[in-house]
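Student: Supplied in structure tokens, the structure appears directly below.
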Amino acid sequence: MAEKPTSGGLDTPLELRSRMLPSFSSDPDAFGRFAERFARYMGTANFLFYMTIFVVVWIALNVIGLFGFQWDPYPFILLNLFFSTQASYAAPLILLAQNRQDDRDRVTIEQDRARDERNLADTEYLTREVAALRIALREVATRDYVRAELRSLLSDLLEAQEESGPNGSGSSGNGETAKDKRNKQRNPPTQQIPKVHAGPSKAEHAAPDLSAVGTSPARHSSPPAQPES
């Protein structure tokens with residue numbers, strides 16, 4: 001008894017089968033470009049203007065019946081069929097154009113995201129480098145710092161030279177140093193007003209002793225001194 005052939009597994013390739021319909025190979029990019037041009041043209045005012053003229057002429061010729069020829073009498077079934085066919089083809093073409101535009105937008109967004117990530121990485125790298133330079137320059141003397149130090153040293157030398165004097169002595173004859181003199185010249189002492197004490201007035205000197213009026217001089221005179229034995 002012959003065994004029935006079993007179907008092959010995943011490791012067994014399928015046999016080629018003849019197709020009833022012929023294969024149609026087309027360039028998807030070329031057809032996509034055609035769909036984009038068609039969709040772009042349908043969205044213009046020229047398409048609407050030409051389509052309006054076509055419909056008016058179609059209806060006028062079929063209503064008037066020029067030379068007794070009416071190929072699409074009222075209710076204009078052929079014209080409606082034409083519009084239906086146009087709409088059935090226009091919708092897929094517009095969708096194809098939109099899909100291609102979406103694909104381009106997606107690729108553009110991905111490229112922008114990658115560019116932003118690179119810019120962010122470069123910015124972070126530069127920030128780290130600037131921070132490292134700042135840390136390294138903390139102990140480096142700047143020009144202003146060196147100038148300030150030189151000025152302070154020069155002022156100290158001038159003060160020491162003035163204090164030493166021409167003879168090398170640290171003070172002048174009256175015991176004051178040159179630094180003290182310079183401080184006195186910069187801050188001169190204010191002149192103090194002498195205090196005036198009020199003395200007895202002339203009326204007090206001229207007024208007589210009223211207690212002595214009407215009394216005998218014996219009461220106010222001191223007793224005579226007795227001789228010493």
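The values are calculated or read from the model by the stated rules, or taken from the named source; none is laboratory data. Everything quoted here is computed from the prediction, not taken from an experiment. Glycine gets a Cβ as well: all are built from the backbone with ideal geometry, and neighbour counts include every protein chain shown.
Student: Among the candidates Ala39, Ala45, single out the residue that is surrounded by fewer than 10 Cβ atoms within 10 Å (Cβ to Cβ) and free of Cβ contacts under 8 Å to residues at least 60 places away in the same chain. Explain how you work it out, then say what you get.
Tutor: Values: Ala39 fails: surrounded by fewer than 10 Cβ atoms within 10 Å (Cβ to Cβ).
None of the other options fit; the residue is Ala45.
Student: Let me ask you something else. Just wondering, is there one or more residues in the range 18-28 that are assigned to a helix (DSSP H, G or I) and modelled with pLDDT under 80?
Tutor: yes
Per-residue answers, yes or no, for (1) in contact (Cβ under 8 Å) with a residue 40 or more places away in the chain; (2) farther than 22 Å from Phe31 by Cα:
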site: Trp71; (1), (2): no, yes
site: Leu79; (1), (2): no, yes
site: Tyr89; (1), (2): no, no
site: Ile94; (1), (2): yes, no
site: Asp102; (1), (2): no, no
site: Asp105; (1), (2): no, no
site: Asp112; (1), (2): no, yes
site: Leu120; (1), (2): no, yes
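Student: Of all residues in the range 52-77, how many are modelled with pLDDT of 90 or more and either in contact with a helix residue (DSSP H, G or I) (Cβ under 9 Å, 6 or more places away or on another chain) or among the hydroxyl-bearing types (Ser, Thr, Tyr) (or both)?
Tutor: Qualifying residue count, the range 52-77: 2.
Student: In addition: Looking at the range 95-114, is at least one residue farther than 30 Å from Arg33 by Cα and modelled with pLDDT of 90 or more? Explain how you work it out, then say what you get.
Tutor: Quick first cut of the range 95-114, residues farther than 30 Å from Arg33 by Cα only: none.
The answer is no, given that none of the residues of the range 95-114 is farther than 30 Å from Arg33 by Cα and modelled with pLDDT of 90 or more.
Student: Looking only at the range 129-154, filter to residues that are assigned to a helix (DSSP H, G or I) and of a type in the set (Ser, Thr, Tyr); which one of those is farthest from the chain's Cα centre (by Cα)?
Tutor: Restricting attention to the range 129-154, the residues satisfying the condition of being assigned to a helix (DSSP H, G or I) are 129-136, 143-154.
Narrowing further to those that are of a type in the set (Ser, Thr, Tyr): 145, 152.
Details: Tyr145: 31, Ser152: 40 Å.
Here the residue is Ser152.
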